[in-house]
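Worksheet: one structure, shown below.
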Amino acid sequence: MTRRNLFLGMLAAGFSAICRSRAVTAATAAPIKSVDALQKNWQTLLADGVKVPLPTEPVKLSKEEWRKRLNPEQFHILREEGTEQPGSSPLNNEKRPGIFACAGCGLPLFTSEMKFESGTGWPSFFTTIPGAFGKTTDYKLILPRTEYHCIRCGGHHGHVFDDGPKPTGQRWCNNGVALRFIPKTTKAAT
Ligand SMILES: [Zn+2]
């Protein structure tokens, strides 16, 4: 009898676990995608046939080699931690589906679904493609700020603040010069 009760108990527990997993599936299928889903499924925004590098393939070049590879503005932002004039980047108004990659090394950093209008004049994102960035603390404006850089090539991209929109509350404030946009469909690019 005890065994039978135990068996029934296990059956009930198993059933309730199935119900719970169904509820989770229903929640993730909601129209508003979770941050977790945006991060996991970032490759759905990558254009067909476009090959992108992995964060685990580091790029190490000398200053002179970077100077040859980048234009002067890109070099200043990416390699000398410069900041572009707010409102100067055409990517502020980029709303097509696609991927924002590092202008230095091509590593995918953000998707169009992670972008939001912050009103600051810099392309802004509330989350990133997982593992894309490393962080440091800088004191250039006296108060500490969190600087972030491409994990693959070390290129400086911007600063992350905690006054972003829900659900992350993060604002990744990125220099447009440091980004290269890859539209999902080449047709939309024309
Ligand atoms: Zn890079």
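The values are calculated or read from the model by the stated rules, or taken from the named source; none is laboratory data. Not measured: the values here are computed from a predicted model. As a convention, Cβ positions derive from the backbone with ideal geometry for all residues, glycine included, and neighbour counts pool all protein chains shown. When the accessible area is computed, the model is the full protein with side chains, heavy atoms only, and any ligands, DNA or RNA have been set aside. Shrake-Rupley method; radii C 1.70, N 1.55, O 1.52, S 1.80 Å.
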Practice task
Kindly flag which residue pairs out of Lys68/Lys135; Lys140/Lys184; Lys68/Lys166; Lys63/Lys95 have an alpha-carbon separation exceeding 29 Å in this structure.
Solution key: Lys140/Lys184; Lys68/Lys166; Lys63/Lys95
Exercise for the section: Express in Å², to the nearest 10, the accessible area of His156 obtained by rolling a 1.4 Å probe over the protein heavy atoms while all chains stay in place. Expected result: 0
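How would you order 111-117, 176-182 from highest to lowest mean count of nearby Cβ atoms within 10 Å?
Packing proxy ranking, top to bottom: 176-182, 111-117.
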Problem - Debye, to nearest 20: dipole size of the stretch 39-190, +1 on Lys, Arg Cβ, -1 on Asp, Glu Cβ - result: 380
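Name the shape class, rounded, prolate or oblate, that the alpha-carbon gyration tensor gives for the stretch 122-190, where a ≥ b ≥ c are the square roots of its eigenvalues, rounded holds for a/c under 1.5, and otherwise prolate holds if a/b is larger than b/c and oblate otherwise. Write out the running numbers ahead of the final one.
On the way: a/c = 2.14, a/b = 1.61, b/c = 1.33.
Judged from the Cα gyration tensor, the stretch 122-190 comes out prolate (a/c at least 1.5, a/b above b/c).
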Exercise for the section: For the stretch 55-104, just say rounded, prolate or oblate: build the C-alpha gyration tensor, square-root its eigenvalues into a ≥ b ≥ c, call rounded for a/c under 1.5, and beyond that prolate if a/b exceeds b/c, oblate if not. Expected result: oblate
Problem - Anisotropy class of the stretch 19-178 from Cα gyration tensor, a/c 1.5 cut - result: prolate
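Provide the packing ranking of 135-142, 51-58, i.e. peptides ordered by the mean count of other C-beta atoms within 10 Å per residue, highest first. Numbers along the way, then the final one.
Values: 135-142: 9.6, 51-58: 11.9.
The peptides rank, most packed first, as 51-58, 135-142.
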